[in-house]
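The values are calculated or read from the model by the stated rules, or taken from the named source; none is laboratory data. From a predicted model like this one, the values you see are computed outputs, not experimental measurements. Ideal geometry is used to build each Cβ from the backbone, glycine not excepted, and the neighbour counts take in all protein chains shown.
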Amino acid sequence: MEYVKSILDKSKYPHKLIHHKNLLRSAQEGAEYFNIDIGQTAPTLIVKTDIGFFVIIVSGSRGRVDFKQVAEILNCQEAKLANPKEVENMGYTIGNVPLVGIPLPHILDKNLFEHSFVYGGTGIKDYTLKISPYALEELNQVIAKF
């Protein structure tokens, strides 16, 4: 999380690292815990394609990700969620992938921009990052929105 903090400290965007005792395993649990709209939750997914790995940050209001659409956006044959071992090999665990600091191309869900702040991972299971979706756009290598 120190790497994430160093990125955030250099940012001009307000943010908050929030410690919580409960393990938040889903967008719905996060929304209930923080008493926010589910659309403000921002799960970070690592996606494997035939042309490499990518990061997708989605709004909790989206529901399921259409991986055919993701493949079209990336102009590749196939896109799917990376498996837990692949995510671990990158230094993360499923459910604790940080919103910032991953050196991969990113795709952002346009629905995130309906909110002033979104809530998502820090890389540490008992911390959540509250941040502007515009910061995600600036602090990550964003190649597309959907």
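Is it the case that some residue within the range 99-120 is over 13 Å from P43 (Cβ atoms), in a loop (DSSP other than H, G, I, E, B) and of a type in the set (V, I, T)? Yes, the range 99-120 contains a residue that is over 13 Å from P43 (Cβ atoms), in a loop (DSSP other than H, G, I, E, B) and of a type in the set (V, I, T). For the residues S61, S11, the requirement of being polar (S, T, N, Q) and under 19 Å from N140 (Cβ atoms) singles out S11.
If only residues of the range 1-25 that are assigned to a loop (DSSP other than H, G, I, E, B) and within 15 Å of the chain's Cα centre (by Cα) are counted, the one that is surrounded by the fewest Cβ atoms within 10 Å (Cβ to Cβ) is R25. Would you confirm whether any residue within the range 121-130 is within 19 Å of G63 (Cβ to Cβ), among the small types (G, A, S) and surrounded by 14 or more Cβ atoms within 10 Å (Cβ to Cβ)? Looking through the range 121-130, at least one residue is within 19 Å of G63 (Cβ to Cβ), among the small types (G, A, S) and surrounded by 14 or more Cβ atoms within 10 Å (Cβ to Cβ).
Could you check I102 against (1) at pLDDT 95 or above; (2) of a type in the set (A, V, I, L, M, F, W, C); (3) under 25 Å from S132 (Cα atoms); (4) surrounded by fewer than 21 Cβ atoms within 10 Å (Cβ to Cβ) and say which number it fails? The single condition I102 does not satisfy is (4).
Just to be sure before I move on: is A144 in a helix (DSSP H, G or I), out of contact with any Lys or Arg (no Cβ under 6 Å at 6 or more places or on another chain), surrounded by fewer than 23 Cβ atoms within 10 Å (Cβ to Cβ) and of a type in the set (A, V, I, L, M, F, W, C) in the structure I sent? So A144 does not fit the description; no.
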